[in-house]
Amino acid sequence: MRRTGTTRRSALTATGAFALGAVLTGCGGGPDAATAPGGTDAAADSLRAGKALRASAARDSASLLTRYEQVAAAHPVTEPGLAPMGAAVREHLAALGGPAKAAGGSPAPAPPAAATDVRAALRELAAEERRVADGRATALLTAEPELARLLASIAAAGAAHAYLLTELAKETPA
């Protein structure tokens, strides 16, 4: 493997720094932050928004897990590299309270099929990981502190997965 300007260690360090900043941002606000003129309504609205955000993140994880399974099925040579990342996505889905998804199952909206070229399929999967991680990082701004910490952790893992998938695409024979 040839050395590039970016190493895994520097990518993981940057991801950790991003996650830490996101967590610290999510921890802001004092005890008065959630109170509004209709205190009970504001609390109920906050609870509903948190549940909706968690459900949306779980749907994204379920879709991402299906993409991992599709790429592994379409390109068996990638399965050893994808298995640990797919297992992590499965754990993220469970942490978000999403339905337990057995391998081979699919969520309601099926993502597009994996590309026929193995490298293109891995690059597409990396792009999807980046898109989901970016969405979760954006969601941190509106999430309650506990959910913000969870989303930051999962977003950091997704960013690391995107980097590793990009490297796997470079190393995989065509």
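Looking at the range 125-135, which of the residues that are open to solvent by 20 Å² or more (accessible area, probe 1.4 Å) and not hydrophobic (A, V, I, L, M, F, W, C) is nearest to residue 54 (Cα to Cα)?
Step one: list which residues in the range 125-135 are open to solvent by 20 Å² or more (accessible area, probe 1.4 Å), which gives 127-128, 130-131, 134-135.
Next, from what is left, pick out any that are not hydrophobic (A, V, I, L, M, F, W, C): 128, 130-131, 134-135.
Working: 128: 19, 130: 18, 131: 17, 134: 15, 135: 12 Å.
Ranking the qualifying residues of the range 125-135, first place goes to 135.
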Expected single match for modelled with pLDDT under 95, open to solvent by 40 Å² or more (accessible area, probe 1.4 Å), among the hydrophobic types (A, V, I, L, M, F, W, C) and within 18 Å of the chain's Cα centre (by Cα) among 19, 52, 33 is 52
The residue that is farthest from residue 166 (Cα to Cα), considering only those in the range 82-94 that are open to solvent by less than 30 Å² (accessible area, probe 1.4 Å) and of a type in the set (Gly, Ala, Ser), is 88
Contact list, first residue from the range 43-65 and of a type in the set (S, T, N, Q), second anywhere and open to solvent by less than 40 Å² (accessible area, probe 1.4 Å) and in a helix (DSSP H, G or I), beta-carbon distance below 8 Å, six or more apart or interchain, is 56/139; 61/89; 61/92; 61/93; 61/132; 61/154
For the range 153-173 the number of residues that are open to solvent by less than 10 Å² (accessible area, probe 1.4 Å) and among the aliphatic types (A, V, I, L, M) is 5
By residue number, the members of the range 136-149 that are open to solvent by 40 Å² or more (accessible area, probe 1.4 Å) and either assigned to a helix (DSSP H, G or I) or of a type in the set (Val, Ile, Thr) (or both) are 138, 142, 145, 146, 149
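The values are calculated or read from the model by the stated rules, or taken from the named source; none is laboratory data. Nothing here was measured: the structure is a model prediction, and the numbers come from that model. Positions of Cβ are backbone-derived with ideal geometry, glycine not excepted, and every protein chain shown enters the neighbour counts. These area figures cover heavy atoms from the full protein model, side chains too; ligands, DNA and RNA do not enter into them. Shrake-Rupley method; radii C 1.70, N 1.55, O 1.52, S 1.80 Å.
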